Amino acid sequence: MAALPDPSLRFTAPHEYARVLRAAHEQVLDGGPHRPEIPPALLASWQRSMTLGINPDQQSPRHLNEPSDVVGLRRTHRLQAAMPALTDLLADEGSDGRHLLIVTDSDGQVLWRSGSRSALRMADSLEFVEGADWSEAGIGTNAISEALATGRPVQLFSAEHLVRAHHDWACTAAPVRDPRTGSIVGVLDVSGPLDALTRDTMRMVRCAVRVAEELVARNDGGARLSPAAVRPGSGSRPDRGGGQDVAVSSLELLGERPAAVFEDGRRVPLTLRRAEILALLESRRQGWSADELAFELYGDAGSPATIRIEMHRIRAALGAFVASNPYRLKPGSARTSDAFQVRELLTTGHIQQAVARYTAPLLSRSAMLAVEELRLELDTAVADSVRASGSVDVLAAWLATDMGAGDTEALAALKRLVGPDDPRYLAFRPRSDRLERSLLEARPEKQSRKA
């Protein structure tokens, strides 16, 4: 039996060692016998990834947000305070810089990246960009996904990655933990070509993680990492003390910054994808199967396995808020969102209160068809209820909002009630006229473009 190559060759003879790993990768994926170069834990990750639908020849990761939308996610992320220091410590932004600094959220979504132009171009070719999902479900086994799965620092070299397009990369990643609870808040990753890896790379990443955790602690008002709260391999769900999770008290789904609000007052931002799922769950009392959600979210390319991992993440973040078989909001939690409260106020006849609560469209950044239909239903329900109310106060309150400002039918209803010379009508007519002129001016332009 041939001797196992020394793993330290990744530092002294990187391309030779990469050839050994590529041969082992191909033999294992072809169904051959176990190769000692591939540890059992790594093989298990490959198998989980492929079960989730990842193809070793896949080029593109799943994208959770557009890069432009990630800017908003950064502002509310707790690692924002640590980024200047991390950039100083690890970024290789010079003209000859070879490695990338990547920072993700607790799900493996890329939030920040820094590097030279050439390194960024290499990353672009793999769609290693802001908003991309580098978890196992997003792109298969890689250093970021392994750091999330194991809760420990990890280094992946060449064909230790599942996806072949990553075999020219060496990546070192480590989780950054919440100073108070020990839960994972993000992952710090350094990635570059094979011969850019050094024996000091892991040490530098570990040191940078300690700096990041200290800065997060300082930003939290001096909290310190609790060793008892850190459970290796336990994932990212926080232990909030006393063995009890703090429950979600409400969801904010109106507007462009969805969030979950907990009973202890914390407001936790939701990714657009999670918010879309929660909006769907709330819309149907009987719940959804994994197949149904997969189709609504991803169309014919949707996979029930992808939905299961998404639901696992939602439960890890929000606690016992979502029930399964079928997926639905837990009984007693189904009337928690601001959108549902608007509908509830309408059905109980409290139209003016509904108008006051309806401050923005449902998930205004979502382009998913099912969400667009829910958005239109809610907007139509509010507008129709206002117009049918026969109440001057309700009509005036609606026309005074951003949502109702352009409602010409509501303005006409108010005119019928108070007359064309009443100040309550005249106060809203100029704005309505301006909006109507804007629409008329836009129509010829659109027609000329078609012509």
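Every number here is computed from the coordinates shown, using simple stated rules; none is lab data. As the structure is a prediction and not an experimental result, all values here were calculated from the model. Quick reminder, even Gly has a Cβ in these numbers, built from the backbone with ideal geometry, and neighbours come from all protein chains shown.
Descriptive notes on the structure:
- Cα-only Debye scattering, region 2-46: base-10 log of I(q)/I(0) at q = 0.20, 0.23, 0.28 Å⁻¹: -0.66, -0.84, -1.09
- Length gained when the stretch ARG210-ALA165 is fully extended (0.36 nm per residue, less Cα-Cα span): 13.1 nm
- Full extension of the chain between HIS312 and GLN286 gives 7.4 nm of extra length, using 0.36 nm per residue less the Cα-Cα distance.
- Whether region 248-329 is rounded, prolate or oblate, judged on the alpha carbon gyration tensor where a/c under 1.5 counts as rounded: prolate
- Reducing region 78-127 and region 255-291 to their Cα centroids gives an inter-centroid distance of 30 Å.
- Per residue, the chain reaches -14000 deg cm²/dmol at 222 nm when only DSSP H runs of four or more residues are counted, each adding -39500 (n - 2.57).
- For the chain, size of Cβ-based charge dipole, Lys and Arg +1, Asp and Glu -1, in debye: 720 debye
- Net +/- balance of residues flanking PRO258 in space, Cβ distance below 11 Å, scoring K and R +1, D and E -1: +1
- Peptides 28-41, 84-97, ordered by how many other C-beta atoms sit within 10 Å of their residues on average, highest first, read 84-97, 28-41.
- Amide hydrogen proximity for GLY186: with H placed 1.01 Å from N in the peptide plane, the residues at 5 or more positions away or on another chain lying under 5 Å are VAL176.
- Among 360-371, 292-303, 157-168, the peptide with the highest mean count of other Cβ atoms within 10 Å heads the list, and the full ranking is 157-168, 360-371, 292-303.
- Our estimate of slack between SER68 and GLU256, defined as 0.36 nm per intervening residue step minus the Cα-Cα distance, is 66.4 nm.
- Percentage, to the nearest whole number, of Cα pairs in the chain over 38 Å apart: 36 percent
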